[in-house]
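Below: one structure, written as C-alpha cells.
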Amino acid sequence: MRTGNWDSAGRSRALKRGVDIVEARLLVLLCAVVVGCASVFGVIDAMAALHHEQSVVEQQRATRHAVRAEILRDAAKSSPWTDESGRSELVPVPVRWTGTGGAAVTADAQVVPGAKRGERVDVWLDRTGRVTSAPSDGQDVYAAALVGGLGSAAVAVGAGAVAGIGIRIVCNRRRAAGWEAEWSRVEPEWSRRP
C-alpha cells in the first residue's frame, strides 16, 4: 500500500500544492458550466430569434404584394457594391406596371445588373403602393436564428474566459503568498544567516 501524496493514476503529487489542485478542479468545473450555459443560452436565443424572424416574415407577407413590371431602360452591367457572397448587388432602373385603377405606374426598382429594357421583373409593393423589398425568405430567418444563437453562446464563453482568468489570478496570488511564507522560513537556513 502506498503512502504519501499520490493521485488516482499513481503519480506523485509531492510538487503540487493544495491551491494547484483546487485551481485545476475549479477550471474543469468552470469549463463544464460554460459548455452547458453556452449550449442552453445559444438554443434559447436561437429559438427566440427564429420565432421573431418568422413573425416578421408573416407580417411582411401580409402587407406586401408583387406586381409584374416592365424594365424601361437597360440596367448597368455591374454594380460597384457586392453582397456577402461576392455577388453584385441589385441596381436601380425605372420600371412600369399597371396600377389597381388601370393607370400606368412608373417607379425605380432594384434589378439584377445587366437586365435589358423590355424584360419583366417582379416588383414588391407595400399597402400604399410604394416599391419595397421582397419579404424575407426562410434562409434569412434561419441565418438570423443562427447568428442570435452563436452570439449568446459567444457571450457565455467570454464570461467563462473572464471567470477563468479571475480564478487563475486568485490562485497565482495564493501560490505567491505560499512561496513567500516558505522562503521566509527556508531562506535563513539556506543562506546560513541567523
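Readers should treat all values here as calculations from the given coordinates under stated rules, not as data from a laboratory. What you see is a predicted model; the values in this text were computed from it and never measured. Neighbour counts are summed over all protein chains in view; Cβ atoms, including those assigned to glycine, are modelled from backbone coordinates with ideal geometry.
The table for this structure:
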| read-out | value |
| --- | --- |
| Segment 42-66 versus segment 131-154: alpha-carbon centroid distance in Å | 8 Å |
| Whole-number D in µm² s⁻¹ for the chain, Kirkwood Cα-pair radius fed into Stokes-Einstein, 20 °C, 1.002 mPa s | 91 µm²/s |
| Cα-centred dipole magnitude for the chain, charges only on beta-carbon of K, R (+1) and D, E (-1), debye, nearest 20 | 760 debye |
| Distant-in-sequence amide H partners of A109 (H built 1.01 Å from N, under 5 Å) | V93, V95 |
| Charge dipole magnitude, Cβ of K and R +1, D and E -1 - segment 65-134, Cα centre, debye nearest 20 | 260 debye |
| Estimated [θ] at 222 nm from DSSP helical runs (n ≥ 4, -39500 (n - 2.57)) normalised by residues in the chain, nearest 500 | -19500 deg cm²/dmol |
| Two-site label geometry, R127 and T98: point separation in nm, points 7 Å out along Cα→Cβ | 2.6 nm |
| Förster radius 41 Å - calculated FRET efficiency between Q54 and V170 (Cβ-Cβ, nearest 0.05) | 0.35 |
| Length released on extending from V112 to K16, taking residue separation times 0.36 nm less the Cα-Cα span | 27.8 nm |
| Proportion of all alpha-carbon pairs of segment 65-134 beyond 14 Å (%) | 57 percent |
| T132 long-range amide H proximity, modeled H, under 5 Å | W124, L125, D126 |
| E187-V33 pseudo-label distance in nm [points 7 Å out on the Cα-to-Cβ vector] | 3.7 nm |
| Residue-by-residue Karplus 3J(HN,Hα) for segment 171-177, coefficients 6.51, -1.76, 1.60, Hz, glycine and proline x | 5, 5, 5, 5, 4, 4, 5 |
| 3J(HN,Hα) from dihedral phi, segment 148-165, Karplus parametrisation 6.51/-1.76/1.60, rounded to Hz, x for glycine, proline | x, x, 5, x, 5, 5, 5, 5, 5, 5, x, 5, x, 5, 5, 5, x, 5 |
